[in-house]
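The structure appears right after this line, and notes come after that.
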Amino acid sequence: MAVLVKTENLKKHFHIGRGQILHAVDGISLTIDPNEILGLVGESGSGKSTFGKTLIGLHTRTSGQAYYDGSPLPDEFTTRDHLKYSQEMQMIFQDPYSSLNPRMTVLDIVGEGLRIQGTPGSEIRDRVADWLTRVGLNADHMSRYPHEFSGGQRQRIGIARAMIIEPKFVVCDEPISALDVSVQAQVINLLDELKQSLGLTLLFIAHDLSMVRYVSDRMAVMYLGSVVETGPANDVFFDAQHPYTKFLVESNPEPDPEIERNRGHQPILGEITSPVNVQPGCRFADRCPQVMDRCRRETPELIAKSGGREVACFLFE
């Protein structure tokens, strides 16, 4: 099966003044197959959203390569590139409150992509009405403004905006983190339904490991700009290898409140390494209970293991 999306040593650095460079994404190599959901997890600030935005051209890559359907993506997207690839790649943004223009009606928001592509106005209205119905809203909502909707409804509008173009690849940047638990389940089921009906390929970015395990086919774990472990979602969740992944899984709350109250929690000790002007060495070394001298001198690479697993740790060499 041909790979749909691929990155090779992709980096995104930000110059923050006085010779300081923020290593937001620092050498990520991943592949995503057609009709696959790759879950990307990690703490806040690990670079997940930056990776997604860099992949689809919202940020300019510092270095490395990105490929879509076998063809290299531009180093820096022009207006023409955005017009071309917006038909293939879309993004659902994290915040349903700030990602919608408050001065535009739902018709204008959801139909904007079609208008840019030159679709006639009468057809835009019909397709917007159809997609609002598909995401669980009413066609007569077209004349309303974003402030008239709840958070869950706004996220559905964002989903309709991304899906109306009928792309092949969608970056879901924490699409459920700002929603109530009951609404989260509805949005997840909606995405799964659209994946099956449209044959979508998804990069699903989230904090909630149990949700990512439920949604994803494979999982990649990020820490301070680097991927430390990848593999089938169930394998990574139930048999974590990297020390950081183990801490993440252990911090995931149990659904049974009685079990959650009685189980012991081991916090991650130590200081978080600064992502500014990063030096050689494992970035988790200062917090890892199994750290070795070598970890502070050399940067571990992803090591292939059986069952499609990869882990960036000297313990598994």
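The values are calculated or read from the model by the stated rules, or taken from the named source; none is laboratory data. In this text, all values refer to a predicted model and were calculated from it rather than measured experimentally. Glycine also receives a Cβ, built like all others from the backbone with ideal geometry; neighbour counts cover every protein chain displayed.
So VAL311 clears everything in (1) surrounded by fewer than 21 Cβ atoms within 10 Å (Cβ to Cβ); (2) touching a residue at least 60 places away in the same chain (Cβ under 8 Å); (3) not assigned by TED's automatic domain parsing to the domain that holds MET211 except one condition, right? Which one?
(1)
Look through the range 1-22, keep the residues that are touching a Leu at 6+ places or on another chain (Cβ under 9 Å) and farther than 30 Å from PRO167 by Cα, and return whichever of them is modelled with the highest pLDDT.
HIS15
Does SER29 satisfy the criteria of being within 25 Å of LEU209 (Cα to Cα) and either within 13 Å of the chain's Cα centre (by Cα) or not assigned by TED's automatic domain parsing to the domain that holds ILE188 (or both)? Give the steps one after another, and end with the answer.
On the way: within 25 Å of LEU209 (Cα to Cα): yes; either within 13 Å of the chain's Cα centre (by Cα) or not assigned by TED's automatic domain parsing to the domain that holds ILE188 (or both): no.
The answer is no for SER29.
Per-residue answers, yes or no, for (1) buried (at least 19 other Cβ atoms within 10 Å of the Cβ); (2) without any contact (Cβ under 8 Å) to a residue 40 or more places away in the chain; (3) under 28 Å from GLN184 (Cα atoms):
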| residue | (1), (2), (3) |
| --- | --- |
| ARG61 | yes, no, no |
| PRO72 | no, yes, no |
| GLY121 | no, yes, no |
| GLY136 | no, no, yes |
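Would you check if LEU209 is on the phi < 0 side of the Ramachandran plot and buried (at least 18 other Cβ atoms within 10 Å of the Cβ)? Please lay out each step first, then the result.
Values: on the phi < 0 side of the Ramachandran plot: yes; buried (at least 18 other Cβ atoms within 10 Å of the Cβ): yes.
So LEU209 fits the description; yes.
Name the residue, out of ILE109, ILE116, that is surrounded by 15 or more Cβ atoms within 10 Å (Cβ to Cβ) and outside the structural domain of LEU10 (by TED's automatic domain parsing).
Values: ILE116 fails: surrounded by 15 or more Cβ atoms within 10 Å (Cβ to Cβ).
Among ILE109, ILE116, only ILE109 is surrounded by 15 or more Cβ atoms within 10 Å (Cβ to Cβ) and outside the structural domain of LEU10 (by TED's automatic domain parsing).
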